[in-house]
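For reference, the structure discussed in these notes is given below.
The values are calculated or read from the model by the stated rules, or taken from the named source; none is laboratory data. Since the structure is predicted, the reported quantities are computational estimates derived from the model, not experimental observations. Glycine also receives a Cβ, built like all others from the backbone with ideal geometry; neighbour counts cover every protein chain displayed.
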Amino acid sequence: MIHKEVAVVGGGPAGLTASIELAKRDVDVALIDENLQAGGQLLKQTHKFFGSEEHYAGIRGFNIAEKLIEEAKGLTVDFLLEGSTYSVYENKVLAVKKGKSTRLISAEKVIFATGASEKVINFPGWTLPGVMGAGAVQTFVNQHKVLPGRKFTIVGSGNVGTIVAYQLLQAGAEVAAVVEAAQDIGSYYVHANKAIRSGDIPVFTSHTIKEAIGDESVDSVTIAEVNDNWQPVPGTEKKIDTDVVCLAVGLRPRTKLTSLAGCRSVYSSTLGGKVPLHDENMETSAGGVYVAGDVAGVEEASIAIEEGRLAGVSAASSLDYISSLSQEEQKKEIRDRLGLLRGGKYGEERAEEKERIRGIFNERVERTESSTTRR
Amino acid sequence: MNGVINVVKKEQDLRVKDHPILKEGSARNKVSITVEGKEIEAFEGEPIAAALLAADISVFRKTKKRKDPRGPFCGIGLCTDCVMKVDGEPNVRTCITPVEDGMVIEKQGSTEVPTNDT
């Protein structure tokens, strides 16, 4: 059994910043990630972030990952890569499989920054090779520099769908269609503008995918118009030649480990599904267990970066590494930045939802001693 | 992006080149792997699934009962749809397992398919 003061599970933006804040204050922290390298989904983000300078505006996602990894490595963060955390036992013991062996890691505090997984929709042919998640397409194209096909149909026109469409053009592929059931494109204007107004991407709003067709893999898809009840309208079917169907229909928090850790949760459609209850310090109902980033509600990488910092500062505070005078100040700074990030129509909606979840936490969860436990 | 590509170029190289943003990076070692008895070129360290997709291989396995074709779906090791037999070991997640020179990769036989698979 390995002992750590804090174990952080997930090395994406939230896990990296949580580890950085902890290591900066000399906390003994392990960062566990199942991939070959840390960085999470930032590694496949080729677009520039927007917002303010402190949120890395103007820097591309994969460069932000590089910066954070470099910073963490310069500190004393103990990286445990290619380690899959597959179970959580009592007293914050994690079972981590690396290669063929399992190691047990016990920690005084655990931060789950396990991110999100892609939602899917089902239709005839959806299991054919060639139907894949938008995240998978981004991974292959931007990270491994391989196109999983030549002609793509993208289902969903939210931020992910439109960004992937644009990135496919950049990589030299053809986008046969972006299919969106709603009447309008769902993404931020800036992404829609780049992708759709390039003129190379046919957009079918008020349409849905009916079927993916092919013997061994996808050759074509059938799409159809939808009525006000989201049902396909007979006679409006169109066949589109395509060899990859890219599903960009949303993300849900990846909560398997938080469930195993006994964290209570609540459903939130705004935040992608089941969300672990958490307080203003990112602490869950399982005392000493924190969440940060998409697992605490699907939002954006810049939010994950700040939530990771907040969870890190909170865990360091509860381990007495930060004076009680200074910790509230430090947390407030981060909360203020989170407030700024959650501006705008969509941001405000998410801010209200987070507030609602904190309310439920306060109502239902009795504060355990552990939130103030001393080492 | 002025009005490019409106035909499916069957011969188009699936490796991304001349990307406006992604750097070329340091030259990677070319290695050779065997897939279903056929030798293909790959880059050392890239996921097996990436090497197969670049070689225009999209069917990675067949399901146990219905023999339905399956290929990569999540690309990050979660869904297990892309599992293959690698150097004799079944159920290897090809999307997160790096290529090594001389690897022998096969589609799985029905006995090695996960039991809950249809």
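Just name the residue that is nearest to the other protein chains (Cβ to nearest Cβ) out of those in segment B:59-80 that are in contact with a Pro (Cβ under 8 Å, 6 or more places away or on another chain) and crowded, with 23+ Cβ neighbours inside 10 Å.
Residue satisfying both the conditions and the ranking: B:Gly71.
One residue is enough: does segment A:85-107 have a residue meeting the conditions touching a strand residue (DSSP E or B) at 6+ places or on another chain (Cβ under 8 Å), more than 10 Å from every other protein chain (Cβ to nearest Cβ), more than 18 Å from A:Glu34 (Cβ to Cβ) and among the hydroxyl-bearing types (Ser, Thr, Tyr)?
Checked against the condition, which is being touching a strand residue (DSSP E or B) at 6+ places or on another chain (Cβ under 8 Å), more than 10 Å from every other protein chain (Cβ to nearest Cβ), more than 18 Å from A:Glu34 (Cβ to Cβ) and among the hydroxyl-bearing types (Ser, Thr, Tyr), segment A:85-107 yields at least one hit.
Look at B:Val92 and say whether it is more than 9 Å from chain A (Cβ to nearest Cβ), over 22 Å from A:Val120 (Cα atoms) and either at pLDDT 95 or above or buried (at least 23 other Cβ atoms within 10 Å of the Cβ) (or both).
Numbers: more than 9 Å from chain A (Cβ to nearest Cβ): yes; over 22 Å from A:Val120 (Cα atoms): yes; either at pLDDT 95 or above or buried (at least 23 other Cβ atoms within 10 Å of the Cβ) (or both): no.
Criteria not met by B:Val92.
Filter segment A:171-194 for residues that are more than 19 Å from A:Gly250 (Cα to Cα) and in a loop (DSSP other than H, G, I, E, B); which is nearest to the other protein chains (Cβ to nearest Cβ)?
A:Ala171
Does segment A:124-141 include one or more residues that are in a strand (DSSP E or B), among the aromatic types (Phe, Trp, Tyr) and in contact with a Leu (Cβ under 7 Å, 6 or more places away or on another chain)?
No, because not a single residue in segment A:124-141 is in a strand (DSSP E or B), among the aromatic types (Phe, Trp, Tyr) and in contact with a Leu (Cβ under 7 Å, 6 or more places away or on another chain).
List the residue pairs whose Cβ atoms are under 7 Å apart, where the first residue sits in segment A:120-140 and is within 10 Å of chain B (Cβ to nearest Cβ) and of a type in the set (Ser, Thr, Tyr), the second is surrounded by 23 or more Cβ atoms within 10 Å (Cβ to Cβ) and not in a strand (DSSP E or B), and the two are 6 or more positions apart or on different chains.
A:Thr139/A:Lys44; A:Thr139/B:Gly75; A:Thr139/B:Ile76
What about A:Glu306, is it crowded, with 24+ Cβ neighbours inside 10 Å, outside any helix (DSSP H, G or I) and not aromatic (Phe, Trp, Tyr)?
Details: crowded, with 24+ Cβ neighbours inside 10 Å: yes; outside any helix (DSSP H, G or I): no; not aromatic (Phe, Trp, Tyr): yes.
It is false that A:Glu306 is crowded, with 24+ Cβ neighbours inside 10 Å, outside any helix (DSSP H, G or I) and not aromatic (Phe, Trp, Tyr).
Would you call A:Arg252 over 21 Å from A:Glu348 (Cα atoms), surrounded by fewer than 24 Cβ atoms within 10 Å (Cβ to Cβ), touching a strand residue (DSSP E or B) at 6+ places or on another chain (Cβ under 9 Å) and among the basic types (Lys, Arg)? Please lay out each step first, then the result.
On the way: over 21 Å from A:Glu348 (Cα atoms): no; surrounded by fewer than 24 Cβ atoms within 10 Å (Cβ to Cβ): yes; touching a strand residue (DSSP E or B) at 6+ places or on another chain (Cβ under 9 Å): yes; among the basic types (Lys, Arg): yes.
Criteria not met by A:Arg252.
Would you confirm whether or not segment A:195-210 contains a residue that is in the same structural domain as A:Thr85 (by TED's automatic domain parsing), surrounded by 16 or more Cβ atoms within 10 Å (Cβ to Cβ), in a helix (DSSP H, G or I) and β-branched (Val, Ile, Thr)? Talk me through it step by step, then tell me what you get.
So the first thing to find is which residues in segment A:195-210 are in the same structural domain as A:Thr85 (by TED's automatic domain parsing), and the list is none.
The answer is no; no qualifying residue exists.
Look at segment A:232-255 and say how many of its residues are charged (D, E, K, R) and touching a residue at least 60 places away in the same chain (Cβ under 8 Å). If you could, list the steps in order and put the result at the bottom.
Taking segment A:232-255 as the starting set, the residues that turn out to be charged (D, E, K, R) are A:237-239, A:241, A:243, A:252, A:254.
Then drop every residue that is not touching a residue at least 60 places away in the same chain (Cβ under 8 Å), which leaves A:241, A:243, A:252, A:254.
Matching residues across segment A:232-255 total 4.
Please indicate, with yes or no, whether at least one residue in segment B:37-57 is within 13 Å of chain A (Cβ to nearest Cβ), under 9 Å from the mean Cα position of the chain (by Cα), in contact (Cβ under 8 Å) with a residue 40 or more places away in the chain and assigned to a strand (DSSP E or B).
Looking for residues that are within 13 Å of chain A (Cβ to nearest Cβ), under 9 Å from the mean Cα position of the chain (by Cα), in contact (Cβ under 8 Å) with a residue 40 or more places away in the chain and assigned to a strand (DSSP E or B), one finds at least one in segment B:37-57, hence yes.
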